[in-house]
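Let me begin by presenting the structure, written as C-alpha coordinates, before commenting on it.
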Amino acid sequence: MNKNTIISVLDKYYLNGIVESVKWSINNKNITVDFISPFKNLVGKVTSPNVDLEDCEIGIYNTSQFSKLIKIMDATIVLNLNKSERGTPLELTIADNQYDLNYYLSDLNLIETVPVINEPDIYDSEVHVTKEFISKFINAKKALGDIKQFSIKAEYTEGEGMECIIVLGDGAGYANKIKFKTPCEALFGLSELPFPADIMTEVLKANEDASEALIQISNEGLMKLTFKEEEIESIYYLVRLSDN
(Lines give C-alpha, C1' and ligand atoms only; values in the text may rest on other atoms or scores of the structure.)
Protein backbone atom coordinates (compact mmCIF):
# COMPACT_ATOMS: atom_id res chain seq x y z
CA MET A 1 0.00 0.00 0.00
CA ASN A 2 1.02 3.64 -0.33
CA LYS A 3 3.00 4.85 2.68
CA ASN A 4 1.64 8.38 2.29
CA THR A 5 -1.90 7.20 3.09
CA ILE A 6 -0.78 6.06 6.55
CA ILE A 7 1.33 9.19 7.10
CA SER A 8 -1.60 11.44 6.24
CA VAL A 9 -3.88 9.60 8.68
CA LEU A 10 -1.23 9.82 11.40
CA ASP A 11 -0.65 13.54 10.86
CA LYS A 12 -4.34 14.32 11.05
CA TYR A 13 -4.83 12.86 14.51
CA TYR A 14 -1.32 13.12 16.00
CA LEU A 15 -1.33 16.90 15.40
CA ASN A 16 2.35 17.37 16.12
CA GLY A 17 2.18 15.59 19.47
CA ILE A 18 -1.23 16.60 20.81
CA VAL A 19 -2.61 13.03 20.55
CA GLU A 20 -0.39 9.99 21.11
CA SER A 21 -2.57 6.97 21.93
CA VAL A 22 -5.40 5.78 19.71
CA LYS A 23 -7.28 2.73 18.55
CA TRP A 24 -7.34 1.87 14.85
CA SER A 25 -10.47 0.15 13.59
CA ILE A 26 -10.07 -1.56 10.20
CA ASN A 27 -13.13 -2.79 8.33
CA ASN A 28 -13.05 -3.87 4.69
CA LYS A 29 -9.75 -1.94 4.23
CA ASN A 30 -11.28 1.26 5.62
CA ILE A 31 -9.62 2.74 8.69
CA THR A 32 -11.37 4.77 11.38
CA VAL A 33 -9.38 6.47 14.13
CA ASP A 34 -11.31 8.13 16.96
CA PHE A 35 -9.21 10.26 19.28
CA ILE A 36 -9.28 12.60 22.27
CA SER A 37 -6.65 14.99 23.61
CA PRO A 38 -5.26 14.51 27.13
CA PHE A 39 -7.02 17.66 28.37
CA LYS A 40 -10.28 16.57 26.70
CA ASN A 41 -10.68 19.87 24.83
CA LEU A 42 -10.39 18.12 21.46
CA VAL A 43 -12.26 15.10 20.13
CA GLY A 44 -12.01 13.90 16.57
CA LYS A 45 -12.20 11.20 13.93
CA VAL A 46 -10.15 10.41 10.82
CA THR A 47 -11.34 7.96 8.16
CA SER A 48 -9.61 6.67 5.04
CA PRO A 49 -9.97 3.83 2.53
CA ASN A 50 -7.14 1.83 0.99
CA VAL A 51 -5.50 0.58 4.19
CA ASP A 52 -4.26 -2.88 3.34
CA LEU A 53 -4.89 -4.68 6.63
CA GLU A 54 -7.34 -7.39 7.61
CA ASP A 55 -10.35 -6.44 9.72
CA CYS A 56 -9.12 -5.71 13.23
CA GLU A 57 -8.90 -3.31 16.15
CA ILE A 58 -5.37 -2.42 17.23
CA GLY A 59 -3.89 -0.05 19.77
CA ILE A 60 -1.19 2.46 18.80
CA TYR A 61 0.12 3.76 22.12
CA ASN A 62 3.11 5.79 20.94
CA THR A 63 2.22 7.48 17.65
CA SER A 64 5.39 9.60 17.62
CA GLN A 65 7.56 6.46 17.52
CA PHE A 66 5.30 4.71 15.03
CA SER A 67 5.38 7.74 12.73
CA LYS A 68 9.18 7.76 12.73
CA LEU A 69 9.22 4.10 11.72
CA ILE A 70 6.79 4.65 8.85
CA LYS A 71 8.63 7.69 7.51
CA ILE A 72 11.91 5.83 6.91
CA MET A 73 10.15 3.32 4.68
CA ASP A 74 9.96 3.36 0.89
CA ALA A 75 6.88 4.69 -0.92
CA THR A 76 5.22 1.25 -1.05
CA ILE A 77 4.89 -0.78 2.13
CA VAL A 78 3.33 -4.06 3.21
CA LEU A 79 1.49 -4.26 6.54
CA ASN A 80 0.73 -7.48 8.39
CA LEU A 81 -0.40 -8.54 11.84
CA ASN A 82 1.17 -11.10 14.15
CA LYS A 83 -1.41 -12.53 16.55
CA SER A 84 -1.52 -14.61 19.68
CA GLU A 85 -2.89 -18.16 19.63
CA ARG A 86 -6.24 -16.67 20.63
CA GLY A 87 -6.20 -14.28 17.67
CA THR A 88 -5.32 -11.11 19.62
CA PRO A 89 -3.17 -8.71 17.54
CA LEU A 90 0.24 -8.41 19.18
CA GLU A 91 2.53 -6.88 16.61
CA LEU A 92 2.31 -4.89 13.39
CA THR A 93 4.98 -5.69 10.82
CA ILE A 94 5.95 -3.17 8.14
CA ALA A 95 8.10 -4.14 5.16
CA ASP A 96 9.44 -2.50 2.02
CA ASN A 97 12.35 -3.29 -0.30
CA GLN A 98 14.88 -2.23 2.36
CA TYR A 99 13.50 -2.81 5.86
CA ASP A 100 11.45 -5.22 7.92
CA LEU A 101 10.12 -3.38 10.98
CA ASN A 102 8.15 -4.56 13.99
CA TYR A 103 5.87 -2.38 16.09
CA TYR A 104 4.39 -3.87 19.26
CA LEU A 105 0.73 -3.03 19.76
CA SER A 106 -0.91 -1.71 22.89
CA ASP A 107 -3.52 -3.40 25.03
CA LEU A 108 -6.77 -1.73 23.94
CA ASN A 109 -7.72 -1.26 27.59
CA LEU A 110 -4.88 1.27 27.90
CA ILE A 111 -6.40 3.49 25.21
CA GLU A 112 -8.90 6.05 26.51
CA THR A 113 -12.46 5.63 25.28
CA VAL A 114 -13.56 8.50 23.04
CA PRO A 115 -16.99 9.92 23.95
CA VAL A 116 -19.77 10.59 21.46
CA ILE A 117 -20.24 14.34 20.97
CA ASN A 118 -23.73 15.67 21.58
CA GLU A 119 -23.95 18.12 18.69
CA PRO A 120 -26.52 20.91 18.47
CA ASP A 121 -29.30 20.47 15.93
CA ILE A 122 -28.18 23.65 14.18
CA TYR A 123 -24.88 25.51 14.48
CA ASP A 124 -25.05 29.29 14.89
CA SER A 125 -22.33 30.16 12.38
CA GLU A 126 -20.49 28.55 9.46
CA VAL A 127 -17.21 29.48 7.77
CA HIS A 128 -16.10 27.91 4.48
CA VAL A 129 -12.37 27.64 5.03
CA THR A 130 -10.02 28.69 2.25
CA LYS A 131 -6.27 28.31 1.90
CA GLU A 132 -6.05 32.07 2.54
CA PHE A 133 -7.85 31.62 5.88
CA ILE A 134 -5.48 28.81 6.88
CA SER A 135 -2.43 30.85 5.88
CA LYS A 136 -3.62 33.93 7.78
CA PHE A 137 -4.29 31.97 10.96
CA ILE A 138 -1.01 30.03 10.92
CA ASN A 139 1.07 33.13 10.14
CA ALA A 140 -0.65 35.15 12.88
CA LYS A 141 -0.05 32.41 15.44
CA LYS A 142 3.60 32.14 14.39
CA ALA A 143 4.08 35.90 14.71
CA LEU A 144 2.54 36.03 18.19
CA GLY A 145 4.41 33.00 19.51
CA ASP A 146 3.26 31.23 22.65
CA ILE A 147 -0.33 32.45 22.90
CA LYS A 148 -2.96 30.18 24.39
CA GLN A 149 -6.19 31.33 22.80
CA PHE A 150 -8.01 32.85 19.91
CA SER A 151 -11.57 34.12 19.87
CA ILE A 152 -14.21 34.11 17.19
CA LYS A 153 -17.49 35.98 16.82
CA ALA A 154 -19.90 36.74 13.99
CA GLU A 155 -21.59 40.05 13.36
CA TYR A 156 -23.16 42.03 10.55
CA THR A 157 -21.04 44.75 8.96
CA GLU A 158 -22.66 47.39 6.73
CA GLY A 159 -21.52 46.90 3.15
CA GLU A 160 -19.79 43.58 3.91
CA GLY A 161 -22.60 41.41 5.22
CA MET A 162 -22.11 38.80 7.93
CA GLU A 163 -18.48 38.34 8.93
CA CYS A 164 -16.60 36.23 11.42
CA ILE A 165 -13.97 38.16 13.35
CA ILE A 166 -11.00 36.09 14.50
CA VAL A 167 -8.72 37.53 17.16
CA LEU A 168 -5.52 35.72 18.08
CA GLY A 169 -4.03 36.64 21.43
CA ASP A 170 -4.71 36.13 25.10
CA GLY A 171 -7.79 37.70 26.63
CA ALA A 172 -6.07 40.34 28.79
CA GLY A 173 -6.47 43.89 27.49
CA TYR A 174 -2.72 44.54 27.42
CA ALA A 175 -1.84 41.39 25.40
CA ASN A 176 -0.60 41.57 21.82
CA LYS A 177 -3.31 40.58 19.34
CA ILE A 178 -3.85 40.03 15.64
CA LYS A 179 -7.33 40.32 14.13
CA PHE A 180 -8.69 39.35 10.73
CA LYS A 181 -12.14 38.89 9.21
CA THR A 182 -13.67 36.31 6.91
CA PRO A 183 -17.15 35.95 5.38
CA CYS A 184 -19.47 33.60 7.21
CA GLU A 185 -23.06 32.49 7.45
CA ALA A 186 -24.90 33.31 10.68
CA LEU A 187 -28.57 34.08 11.00
CA PHE A 188 -28.41 35.83 14.37
CA GLY A 189 -24.70 36.40 14.80
CA LEU A 190 -22.36 34.64 17.21
CA SER A 191 -21.19 35.66 20.67
CA GLU A 192 -17.43 36.01 21.15
CA LEU A 193 -16.03 32.61 22.16
CA PRO A 194 -12.44 31.66 23.13
CA PHE A 195 -10.81 28.46 21.84
CA PRO A 196 -7.32 26.91 22.17
CA ALA A 197 -4.97 28.49 19.62
CA ASP A 198 -2.34 25.72 19.63
CA ILE A 199 -4.84 23.02 18.77
CA MET A 200 -6.50 25.10 16.07
CA THR A 201 -3.12 25.82 14.50
CA GLU A 202 -2.12 22.15 14.37
CA VAL A 203 -5.52 21.13 12.96
CA LEU A 204 -5.16 23.68 10.16
CA LYS A 205 -1.55 22.67 9.44
CA ALA A 206 -2.54 18.99 9.21
CA ASN A 207 -5.29 19.83 6.71
CA GLU A 208 -3.66 22.52 4.57
CA ASP A 209 -4.24 20.46 1.41
CA ALA A 210 -7.93 19.81 2.02
CA SER A 211 -10.18 20.34 -0.99
CA GLU A 212 -13.21 20.95 1.25
CA ALA A 213 -13.15 22.57 4.69
CA LEU A 214 -15.88 23.90 6.95
CA ILE A 215 -15.97 25.41 10.44
CA GLN A 216 -19.24 25.37 12.38
CA ILE A 217 -19.62 27.14 15.73
CA SER A 218 -22.33 26.96 18.37
CA ASN A 219 -23.02 29.64 20.94
CA GLU A 220 -23.01 26.78 23.45
CA GLY A 221 -19.22 26.70 23.08
CA LEU A 222 -18.57 23.94 20.54
CA MET A 223 -16.60 24.28 17.31
CA LYS A 224 -16.73 21.58 14.62
CA LEU A 225 -14.14 21.46 11.85
CA THR A 226 -14.64 19.17 8.86
CA PHE A 227 -12.03 18.51 6.16
CA LYS A 228 -11.84 16.34 3.08
CA GLU A 229 -8.53 15.66 1.34
CA GLU A 230 -8.83 13.27 -1.60
CA GLU A 231 -10.41 10.20 0.09
CA ILE A 232 -9.42 11.05 3.66
CA GLU A 233 -12.00 12.75 5.86
CA SER A 234 -11.28 14.29 9.26
CA ILE A 235 -13.59 15.83 11.85
CA TYR A 236 -12.55 17.77 14.94
CA TYR A 237 -14.57 19.13 17.86
CA LEU A 238 -13.01 21.91 19.96
CA VAL A 239 -14.45 22.89 23.32
CA ARG A 240 -14.38 26.55 24.25
CA LEU A 241 -11.90 27.71 26.87
CA SER A 242 -13.01 28.62 30.34
CA ASP A 243 -13.42 32.32 31.13
CA ASN A 244 -11.32 31.84 34.25
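Please enumerate the residues belonging to the stretch 197-209 that are over 12 Å from Ile152 (Cβ atoms), touching a residue at least 40 places away in the same chain (Cβ under 8 Å) and not polar (S, T, N, Q). Lay out the reasoning, then the answer.
Taking the stretch 197-209 and keeping what is over 12 Å from Ile152 (Cβ atoms), we get 198-199, 201-209.
Among the residues that remain, those that are also touching a residue at least 40 places away in the same chain (Cβ under 8 Å) are: 198-199, 201-208.
Hits for the stretch 197-209 are Asp198, Ile199, Glu202, Val203, Leu204, Lys205, Ala206, Glu208.
So, of the residues in the stretch 45-71 that are of a type in the set (S, T, N, Q) and at negative phi, which turns out to be most open to solvent (accessible area, probe 1.4 Å)? Give the derivation first.
So in the stretch 45-71, the residues of a type in the set (S, T, N, Q) come out as 47-48, 50, 62-65, 67.
Narrowing the set further to residues that are at negative phi leaves 47-48, 62-65, 67.
On the way: Thr47: 41, Ser48: 6, Asn62: 63, Thr63: 0, Ser64: 30, Gln65: 84, Ser67: 10 Å².
Checking each candidate, the answer is Gln65.
Residues that are free of Cβ contacts under 8 Å to residues at least 24 places away in the same chain, in contact with a helix residue (DSSP H, G or I) (Cβ under 7 Å, 6 or more places away or on another chain) and of a type outside the set (D, E, K, R), at least 1 per element: which strands (runs of 3 or more DSSP E) completely within the stretch 1-57 meet that? Don't jump to the end; show me each part of the working.
Working: elements: 22-27, 30-36, 42-48.
The qualifying strands (runs of 3 or more DSSP E) are 30-36.
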### Residue list for the stretch 108-161, filter: open to solvent by less than 100 Å² (accessible area, probe 1.4 Å), among the basic types (Lys, Arg) and within 24 Å of Lys228 (Cβ to Cβ)
Lys136, Lys141
### Message
Under 6 Å between Cβ atoms, which residue pairs at least 6 apart in sequence (or on different chains) link something in the stretch 76-87 that is of a type in the set (Val, Ile, Thr) with a partner that is assigned to a loop (DSSP other than H, G, I, E, B)?
### Response
Ile77/Asp96
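Report yes if some residue within the stretch 78-93 is in contact with a strand residue (DSSP E or B) (Cβ under 8 Å, 6 or more places away or on another chain) and part of a loop (DSSP other than H, G, I, E, B); otherwise report no.
Within the stretch 78-93, the first condition is being in contact with a strand residue (DSSP E or B) (Cβ under 8 Å, 6 or more places away or on another chain), and the residues that meet it are 78-84, 89-93.
Now narrow it down to the ones that are part of a loop (DSSP other than H, G, I, E, B): 84.
The answer is yes, given that some residue of the stretch 78-93 is in contact with a strand residue (DSSP E or B) (Cβ under 8 Å, 6 or more places away or on another chain) and part of a loop (DSSP other than H, G, I, E, B).
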### Message
Condition (residue is open to solvent by 20 Å² or more (accessible area, probe 1.4 Å), farther than 30 Å from Leu222 by Cα, within 24 Å of the chain's Cα centre (by Cα) and charged (D, E, K, R)) applied to the stretch 75-93: is it met by at least one residue?
### Response
no
### Query
All but one of (1) β-branched (Val, Ile, Thr); (2) part of a strand (DSSP E or B); (3) touching an Asp or Glu at 6+ places or on another chain (Cβ under 9 Å); (4) buried (at least 18 other Cβ atoms within 10 Å of the Cβ) hold for Ile166; which doesn't?
(3)
### Query
Applying the selection to the stretch 121-154, what residues are closer than 17 Å to Leu193 by Cβ and of a type in the set (Lys, Arg)?
Lys148, Lys153
### Message
Just to be sure before I move on: is Lys181 assigned to a strand (DSSP E or B) and open to solvent by 60 Å² or more (accessible area, probe 1.4 Å) in the structure I sent?
### Response
yes
### Task
Have a look at Ile117, Ile122, Ile138 and point out the one that is in contact (Cβ under 8 Å) with a residue 60 or more places away in the chain and part of a loop (DSSP other than H, G, I, E, B).
Ile117
### Query
Looking only at residues in the stretch 201-242 that are within 17 Å of Glu132 (Cα to Cα) and part of a loop (DSSP other than H, G, I, E, B), which one is farthest from the chain's Cα centre (by Cα)?
Ser211
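The values are calculated or read from the model by the stated rules, or taken from the named source; none is laboratory data. The model shown is predicted, which means the values in this text are computed figures rather than measured ones. Don't worry about glycine lacking a Cβ; one is built from the backbone with ideal geometry, like all the others, and counts go over all protein chains shown. Surface accessibility is based on the protein's heavy atoms, side chains included, excluding ligands, DNA and RNA. Shrake-Rupley method; radii C 1.70, N 1.55, O 1.52, S 1.80 Å.
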